[in-house]
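> Structure in structure tokens, see below.
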Amino acid sequence: MPKMKTHRGAAKRFKLTAGGKWKHANANRSHKLGKKTSKRKRRLRTMEVLSPSDQKRLKQLLP
């Protein structure tokens, strides 16, 4: 059986934490920033932990 390949698109978008959880950047931060409040833009800067159900799907993409 050949080795599984890593999904390169997913590898660029997700990072593994020390505890084994996956974190990702928030969406809605690329354009139309004038109408968004400073508070909202500041919160979008931080990375968030992926939900447990999505973490199961990500395991298949990143073996």
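The values are calculated or read from the model by the stated rules, or taken from the named source; none is laboratory data. Everything numeric here is computed off the predicted structure, so don't read it as measured data. Neighbour counts run over all protein chains shown; Cβ positions are idealised from the backbone, glycine included. These accessible areas exclude ligands, DNA and RNA; they are computed on the full protein's heavy atoms, side chains included. Shrake-Rupley method; radii C 1.70, N 1.55, O 1.52, S 1.80 Å.
> Could you give me the residue pairs with C-beta distances under 9 Å whose first residue belongs to the stretch 1-30 and is closer than 18 Å to residue 43 by Cα and touching a residue at least 12 places away in the same chain (Cβ under 8 Å), whose second residue is loosely packed, with under 12 Cβ neighbours inside 10 Å and among the hydroxyl-bearing types (Ser, Thr, Tyr) wherever it lies, and which are 6+ apart or on separate chains?
23/17; 25/46; 26/46
> Within the stretch 1-29, track down each residue that is open to solvent by 80 Å² or more (accessible area, probe 1.4 Å) and either assigned to a loop (DSSP other than H, G, I, E, B) or β-branched (Val, Ile, Thr) (or both).
Of all residues in the stretch 1-29, those open to solvent by 80 Å² or more (accessible area, probe 1.4 Å) come to 1-5, 7-8, 12-13, 15-16, 18, 21, 28-29.
Result: 1, 2, 3, 4, 5, 7, 18, 21, 28, 29.
> How many residues are among the small types (Gly, Ala, Ser) and either in contact with a helix residue (DSSP H, G or I) (Cβ under 8 Å, 6 or more places away or on another chain) or farther than 20 Å from residue 63 by Cβ (or both) when one looks only at the stretch 16-40? If you could, list the steps in order and put the result at the bottom.
Kept after step one, since they are among the small types (Gly, Ala, Ser), are these residues of the stretch 16-40: 18-20, 25, 27, 30, 34, 38.
Then drop every residue that is not either in contact with a helix residue (DSSP H, G or I) (Cβ under 8 Å, 6 or more places away or on another chain) or farther than 20 Å from residue 63 by Cβ (or both), which leaves 25, 27, 30, 34, 38.
Residues flagged as among the small types (Gly, Ala, Ser) and either in contact with a helix residue (DSSP H, G or I) (Cβ under 8 Å, 6 or more places away or on another chain) or farther than 20 Å from residue 63 by Cβ (or both) within the stretch 16-40 amount to 5.
> Taking only the stretch 30-50 into account, find how many residues are under 30 Å from residue 5 (Cα atoms) and surrounded by 10 or more Cβ atoms within 10 Å (Cβ to Cβ).
Total meeting the criteria: 4.
> In addition: Collect the residues in the stretch 10-45 that are within 11 Å of the chain's Cα centre (by Cα) and not aromatic (Phe, Trp, Tyr), keeping them in residue-number order.
Step one: filter the stretch 10-45 for residues within 11 Å of the chain's Cα centre (by Cα), giving 10-16, 21-27.
Residues satisfying the conditions are 10, 11, 12, 13, 15, 16, 21, 23, 24, 25, 26, 27.
> Given the criterion free of Cβ contacts under 8 Å to residues at least 24 places away in the same chain and not in a loop (DSSP other than H, G, I, E, B), identify the matching residue among 56, 35. First the steps, then the outcome.
Numbers: 35 fails: not in a loop (DSSP other than H, G, I, E, B).
When all the criteria are applied, what remains is 56.
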